[in-house]
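Peer 1: Pasting a structure here, questions to come.
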Amino acid sequence: AQSVAQPEDQVNVAEGNPLTVKCTYSVSGNPYLFWYVQYPNRGLQFLLKYITGDNLVKGSYGFEAEFNKSQTSFHLKKPSALVSDSALYFCAVRGGYNTDKLIFGTGTRLQVFP
Amino acid sequence: NAGVTQTPKFRILKIGQSMTLQCTQDMNHNYMYWYRQDPGMGLKLIYYSVGAGITDKGEVPNGYNVSRSTTEDFPLRLELAAPSQTSVYFCASNPTSIYEQYFGPGTRLTVT
């Protein structure tokens, strides 16, 4: 069965410092991996995805993620955090035999302090 | 394009009442999804549809029904509301499943 794990409920970082939000996955076959962000009282917004090709994927708002097949990870990164990056971040995976469905992680709350 | 729209934004139901959550998209997407979001639980798929006339169950379909008579609309029906259905409900769509999903703003439902 496919699954996604976000091991940190919350990540705290000072503004200007680099940030990492972790995600690991388990699927049969090649994974399609996504990151979404949710601001308070809003729907989810797409940040970036990995389907195939370069392991380093760049997305919206300066975010990037690195696909690591051997570690089955897809960590979200940003070189310099902004206070406005504070939000709830979700990793999701599609893969295996149920290829129409996304499985979401439980989310990681990112708090960027001034 | 308005994208994915959902109505209502908020609703309070009494136990045993029924209601329909509306979802409409104007992007001509074939695939549509209904999720519920509970605190600390991420999103759980309730039902999804790969095209008009075709629906399938997700992880948590019990207590819900859907229909897809047009490409644009994908209503979610709650029959006999229960407190366990208190949640935030999101509708989403994409052209096919390999693309990112576009989410609506959500409906916050409370059952008391």
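The values are calculated or read from the model by the stated rules, or taken from the named source; none is laboratory data. Predicted model, so just to flag it, every value in this text is computed and none were measured. Note that each Cβ is placed from the backbone with ideal geometry, even for glycine, and that neighbours are counted across all protein chains shown. Just so you know, the surface numbers come from the protein's heavy atoms only, side chains and all, with ligands and any DNA or RNA stripped out. Shrake-Rupley method; radii C 1.70, N 1.55, O 1.52, S 1.80 Å.
Peer 1: Counting only protein heavy atoms and using a 1.4 Å probe, what share of the accessible area of the stretch B:4-106 belongs to carbon plus sulfur, as a whole percent? Show your work: numbers first, answer last.
Peer 2: Details: 2510 of 4670 Å².
Percent of accessible area from carbon and sulfur atoms in the stretch B:4-106: 54.
Peer 1: Sum up the charges of everything whose Cβ sits under 9 Å from the Cβ of B:Tyr48, counting Lys and Arg as +1 and Asp and Glu as -1, but leave B:Tyr48 out. Walk me through the numbers before you get to the answer.
Peer 2: On the way: positive: A:Lys101, B:Lys57; negative: A:Asp100, B:Asp56.
Residues near B:Tyr48 contribute 0 overall.
Peer 1: Once fully extended, how much extra length lies between A:Thr99 and A:Ala14, figured as 0.36 nm per residue of separation less the alpha-carbon to alpha-carbon distance? Write down the numbers at each step before the final one.
Peer 2: Numbers: separation 85, 0.36 × 85 = 30.60 nm, distance 3.84 nm.
Additional length available on full extension: 26.8 nm.
Peer 1: All other residues with a Cβ under 14 Å from the Cβ of B:Ala2 taken together, and with Lys, Arg as +1 and Asp, Glu as -1, what is their net charge? Walk me through the numbers on the way to the answer.
Peer 2: Details: positive: none; negative: B:Asp26, B:Glu72, B:Asp73.
Here the count lands on -3.
Peer 1: How big is the charge dipole of the protein assembly as shown about its Cα centre, in debye rounded to the nearest 20, if each Lys and Arg gets +1 on its Cβ and each Asp and Glu gets -1 on its Cβ?
Peer 2: With only Lys, Arg, Asp and Glu charged at Cβ, the dipole is about 320 debye.
Peer 1: Rolling a 1.4 angstrom probe over the protein chains, ignoring ligands and nucleic acids, what is the accessible area of A:Arg109 in square angstrom, nearest 10?
Peer 2: 110 Å²
Peer 1: May I pose another question? Among the lysines, which have Cα under 21 Å from the Cα of B:Lys44 when same-chain residues fewer than 8 positions away are ignored?
Peer 2: List returned: A:Lys22, A:Lys49, A:Lys101, B:Lys9, B:Lys57.
Peer 1: Additional query: Within the stretch B:6-41, list the residues whose amide N lies under 12 Å from a label point set 7 Å along Cα→Cβ of B:Asp56.
Peer 2: Counting only backbone N, you get B:32.
Peer 1: Please calculate how many Å² of accessible area the stretch B:4-106 carries per residue, with a 1.4 Å probe and no DNA, RNA or ligand atoms counted. It would help to have the intermediate numbers written out before the result.
Peer 2: On the way: 4670 Å² over 103 residues.
About 45 Å² of surface per residue is accessible.
Peer 1: Determine the per residue accessible area of the stretch A:3-113 with all protein chains present and a 1.4 angstrom probe, expressed in square angstrom. Please list the in-between numbers first.
Peer 2: Numbers: 5220 Å² over 111 residues.
Computed with neighbouring chains in place, this is 47 Å² per residue.
Peer 1: On the protein heavy atoms, probe 1.4 angstrom, tell me the percent of accessible surface of chain A carried by carbon and sulfur.
Peer 2: On the way: 2610 of 5520 Å².
Of the solvent-accessible surface of chain A, carbon and sulfur hold 47 percent.
Peer 1: Summing Lys, Arg as +1 and Asp, Glu as -1, what charge do residues with Cβ under 13 Å from the Cβ of B:Asp38 carry, B:Asp38 excluded?
Peer 2: Numbers: positive: B:Arg36, B:Lys44, B:Arg108; negative: B:Glu59.
Taking every Cβ under 13 Å from that of B:Asp38, the sum is +2.
Peer 1: So which residues in the stretch B:97-112 end up with at least 10 square angstrom less accessible surface once the other protein chains are there, compared with the chain by itself, probe 1.4 angstrom?
Peer 2: B:Ser97, B:Ile98, B:Tyr99, B:Glu100, B:Gln101, B:Phe103, B:Pro105, B:Arg108
Peer 1: Next question. Going by a 1.4 Å probe on protein heavy atoms, which residues of the stretch A:21-37 end up with at least 10 Å² less accessible surface in the whole assembly than in their chain alone?
Peer 2: Residues losing area: A:Tyr32, A:Phe34, A:Tyr36.
Peer 1: Leaving ligands, DNA and RNA out of it, work out the accessible area of B:Lys9 with a 1.4 Å probe and give it in Å² to the nearest 10.
Peer 2: Around 130 Å² of this residue is reachable by solvent.
Peer 1: Highest GNM mean-square fluctuation, chain B, Cα pairs closer than 10 Å: which of B:Val60, B:Val88, B:Val50?
Peer 2: With Cα springs under 10 Å in chain B, the top fluctuation among B:Val60, B:Val88, B:Val50 is at B:Val60.
Peer 1: I'd like the Kirkwood hydrodynamic radius of chain B, using the inverse of the mean 1/r over distinct C-alpha pairs, in Å. Could the numbers behind the result be given before it?
Peer 2: Working: mean 1/r = 0.0723 Å⁻¹.
Result for chain B, one decimal place: 13.8 Å.
Peer 1: Right, here's the next one. Quick one: what are the phi-derived ³J(HN,Hα) couplings along the stretch A:73-88, Karplus 6.51/-1.76/1.60 with θ = phi - 60°, whole Hz, x for glycine and proline?
Peer 2: In residue order, the calculated couplings are 10, 8, 6, 8, 9, 8, x, 9, 6, 10, 4, 6, 7, 4, 5, 9 Hz.
Peer 1: Ballpark to the nearest 100 Å², how much total accessible area do A and B bury together, probe 1.4 Å? All intermediate terms of the calculation are to be shown ahead of the outcome.
Peer 2: On the way: alone 6340 and 6010 Å², together 10710 Å².
Buried area between the two chains comes out at roughly 1600 Å².
Peer 1: I've got another one for you. Short version: which residues of the stretch B:28-63 lose at least 50 Å² of accessible area, all chains versus chain alone, 1.4 Å probe?
Peer 2: Residues shielded by partner chains are B:Leu43.
Peer 1: While we're here: Please build a GNM for chain B, connecting alpha carbons under 10 Å apart, and tell me which residue among B:Leu80, B:Leu21, B:Leu45 fluctuates the most.
Peer 2: Answer for the Gaussian network model of chain B: B:Leu80.
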